[in-house]
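The values are calculated or read from the model by the stated rules, or taken from the named source; none is laboratory data. What you are looking at is a predicted structure, and each value in this text was computed from that prediction instead of being measured. Here the Cβ is made from the backbone with ideal geometry for all residues, glycine too, and neighbour counts use every protein chain on show. Surface accessibility is based on the protein's heavy atoms, side chains included, excluding ligands, DNA and RNA. Shrake-Rupley method; radii C 1.70, N 1.55, O 1.52, S 1.80 Å.
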Amino acid sequence: IVYLEGITSARRFMSALRAACRVKPVIVLRAGRSAAGNRDMRTHSGILAGSDEAFGAALKRAGAVRISTIHQLFAAAKTLSVHSRIGGNRLAIISNGGGPGIMAADRALDMHVALAPLSDVSMGVLNGSLPANWSHGNPVDVMNDADAARFALALKTCLDDPNVDGALAILTPQNVSKMEDLANAVITTAQGQTKPVLAACLGESLVTDSRKMLVNANIPNFRTPEVAVDAFSFITDYQRNQKLLLQLPGPLDNDEPADI
């Protein structure tokens with residue numbers, strides 16, 4: 001994890017950054033992006049931040065992941081310490097509350113995360129297993145009366161879908177099923193999966209034990225749907241930037257000679 005204000009030796013910094021990014025995920029939080037922040041930073045550290053656009057482009061080519069807030073910093077660290085490989089950016093959202101699922105979908109649009117289009121096979125399984133008034137799409141609202149078995153079936157169906165690259169399970173306290181049972185359903189379903197599974201447990205005292213269960217099972221979990229979607233986007237950013245790190249410039253042999 002890197003907190004950065006400015007760079008005094010760009011060549012040495014980029015060389016060290018590229019070397020580090022080849023062996024483990026590197027997360028960078030840069031302060032002083034705004035004009036006011038840049039001015040204040042020069043006052044207390046004497047460093048000029050420089051072009052933010054150029055800095056962002058350089059980070060991508062080095063293979064690092066850039067974040068903007070402290071919340072995102074810890075979300076990225078929590079997620080990339082568990083998941084660093086993914087096939088794409090298509091996310092399936094499974095929730096036992098309609099509102100949080102919609103909030104996650106809105107955040108996915110902001111973060112350029114694609115909502116996975118569920119296949120006809122998956123839709124058939126869900127239509128035959130969920131109540132008639134379920135959401136009939138992604139996000140998958142399993143309804144607030146869902147027990148652990150229904151939640152697990154919906155999650156597994158999405159993970160088995162070839163159109164899905166990862167899943168977010170949103171757990172909200174309801175009167176029907178205990179939160180511990182829902183968390184155990186997520187843990188059991190995620191075992192042996194190659195696709196990343198993230199969770200968002202909404203609430204405080206009622207979900208404390210559920211969060212502990214997910215932590216012990218090595219499943220990244222978050223307090224809000226938005227931060228959970230941010231965390232998923234960091235996996236896709238890391239995968240894309242790692243490909244940029246390995247790219248090489250093309251040959252220059254085909255350039256036309258200068259007309260002196």
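Observations, loosely collected:
- Taken along the Cα-to-beta-carbon direction at a fixed 7 Å, the label points for Gln247 and Thr194 span 2.5 nm.
- Taking every protein chain into account, the accessible area of the chain amounts to 52 square angstrom per residue (probe 1.4 Å).
- Estimated from helices alone, the mean residue ellipticity of the chain at 222 nm is -15000 deg cm²/dmol (sum of -39500 (n - 2.57) over DSSP H runs with n ≥ 4, per residue).
- Largest to smallest accessible area among Arg211, Arg22 [probe 1.4 Å]: Arg22, Arg211
- Cα-projected label distance for Lys178 with Met14, points at 7 Å along beta-carbon direction, nm: 5.7 nm
- Just checking the listed ones, Asn175, Asn221, Asn144: in the Gaussian network model of the chain with Cα springs under 10 Å, the one fluctuating most is Asn175.
- Each residue was assigned an accessible area with a 1.4 Å probe, and for Lys24 the value is about 120 Å².
- Carbon and sulfur %, accessible surface of the chain computed with the full protein complex present, 1.4 Å: 55 percent
- Surface calculation, 1.4 Å probe, protein heavy atoms: Glu53 sits at approximately 140 Å² accessible.
- Shape analysis of the chain based on the Cα gyration tensor places the equivalent ellipsoid semi-axes at 40, 22, 15 Å, largest first.
- Span-rule helices in the chain, defined as complete DSSP H runs reaching 24 Å or more along the axis (Cα) with Kyte mean at least 0.5: none
- Globularity index of region 63-192, i.e. its alpha-carbon radius of gyration over 2.2 N^0.38 Å: 1.06
- Our summary gives the chain a relative contact order of 22 percent, counting only alpha carbon pairs under 8 angstrom and 6 or more residues apart.
- For region 112-260: Kirkwood Rh in Å [reciprocal of mean 1/r, alpha carbons]: 17.3 Å
- Annotation: extensible slack from Val121 through Asp209 equals 28.2 nm (criterion: 0.36 nm per residue apart, minus Cα-Cα distance).
- With the whole protein complex present, Met111 retains an accessible surface near 50 Å², based on a 1.4 Å probe.
- Order by protection proxy (mean Cβ within 10 Å, highest first), peptides 148-155, 89-96: 89-96, 148-155
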